[in-house]
Amino acid sequence: EVLKYPAIEIDLKQTKDGIFVLSHDPNWADAILEKTNYQDLMNVEYTVTKTGGVVGGHLSEEERTYTSTICTFERYLEICKQYNIIAVIELKTSTGISNWTEKHAPHQSRMSKIMEIIEKYDMLDRVIFLSSQELCLNWVKTNGYSYIPCQYLTLSSCENEKTYNIVKQYNLDISFNVRDGIKISDEWLEKYRALGCKLAVFTFEEYATYSDIQEWIDRGVDFVTTDWHQLDKLNLPKSN
């Protein structure tokens, strides 16, 4: 509401009893998500002190420290709906969400439940899926949701034929890592654009400068995942 971001990206995991929750890590506080039922987790408080970074550096440690309980996928969708924000959902590996190929392995068995929840909140036209689980992204594209954007996430360089062929085969957009000294040439940017896919870059954390972000905006990417930075300090294109 304050920073006016058009989308909020989250990581989706599951509890032992199959409740979808927001967490980047396999644990919440001292609890292992996949071994803990939601009822035993819902009131567990977790305290974090966020580092300062470019924007938050002037804040005291007390101002940067917050305590919270875990957020469910449904509550997240309620927030996105309330503020008319696009929900960017990263599918993390968990039961029923994976690239497993063994016979009878339930590698996409939980995808239909995710779609049921999204439909419940009337958000099917306001979501983007993001994942390194290309088989789950392909499930979305081939099960009646071809209109939903799906970004293939690559942690290493995307300058390779394997990544390119996955994006091409499954008709995906691409989200590529620009941290850790990873570079991508204009030639490869154009190669992906020629497929008709959108380009997303991640993640500019709190110690990235505005010029770091502006470089990629100027190079014409469609999405930037960032943390803390203010939109009014960036030169954004006039187009949507």
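The values are calculated or read from the model by the stated rules, or taken from the named source; none is laboratory data. All of these numbers come straight from a predicted model, not from anything done at the bench. Neighbour counts are summed over all protein chains in view; Cβ atoms, including those assigned to glycine, are modelled from backbone coordinates with ideal geometry. Protein only, heavy atoms only, side chains kept; ligands, DNA and RNA dropped before computing areas. Shrake-Rupley method; radii C 1.70, N 1.55, O 1.52, S 1.80 Å.
Assorted remarks:
- Top-ranked residue of region 105-152 - restricted to ones that are in contact with a strand residue (DSSP E or B) (Cβ under 8 Å, 6 or more places away or on another chain) and among the aromatic types (Phe, Trp, Tyr), ranked as farthest from LEU199 (Cα to Cα): PHE129
- The residue of region 214-240 that is least open to solvent (accessible area, probe 1.4 Å), among those that are more than 19 Å from VAL178 (Cα to Cα) and part of a helix (DSSP H, G or I), is LEU231.
- The listed residue being of a type outside the set (S, T, N, Q), open to solvent by less than 40 Å² (accessible area, probe 1.4 Å) and either in contact (Cβ under 8 Å) with a residue 60 or more places away in the chain or in a loop (DSSP other than H, G, I, E, B) (or both), out of VAL88, VAL140: VAL88
- For region 189-209, the set of residues classified as assigned to a helix (DSSP H, G or I) and either aliphatic (A, V, I, L, M) or open to solvent by 40 Å² or more (accessible area, probe 1.4 Å) (or both) consists of LEU189, GLU190, LYS191, ARG193, ALA194, listed by residue number.
- Residue among ILE174, ILE114 that is open to solvent by less than 10 Å² (accessible area, probe 1.4 Å), under 16 Å from the mean Cα position of the chain (by Cα) and touching a residue at least 40 places away in the same chain (Cβ under 8 Å): ILE114
Yes or no, residue by residue, for (1) assigned to a loop (DSSP other than H, G, I, E, B); (2) acidic (Asp, Glu); (3) loosely packed, with under 13 Cβ neighbours inside 10 Å; (4) in contact with a Leu (Cβ under 6 Å, 6 or more places away or on another chain):
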| residue | (1), (2), (3), (4) |
| --- | --- |
| TYR5 | yes, no, no, no |
| ILE8 | no, no, no, no |
| ASP11 | no, yes, no, no |
| LYS16 | yes, no, no, no |
| VAL21 | no, no, no, no |
| ASP25 | yes, yes, yes, no |
| GLN39 | no, no, yes, no |
| ASN43 | yes, no, yes, no |
| VAL48 | no, no, yes, no |
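- Considered as a group, the residues in region 143-183 that are among the β-branched types (Val, Ile, Thr) and part of a strand (DSSP E or B) include one that is modelled with the highest pLDDT, and that residue is ILE174.
- Considering the conditions (1) under 23 Å from VAL201 (Cβ atoms); (2) in contact with a Phe, Trp or Tyr (Cβ under 9 Å, 6 or more places away or on another chain); (3) in a loop (DSSP other than H, G, I, E, B), CYS80 is excluded by exactly one of them, (3).
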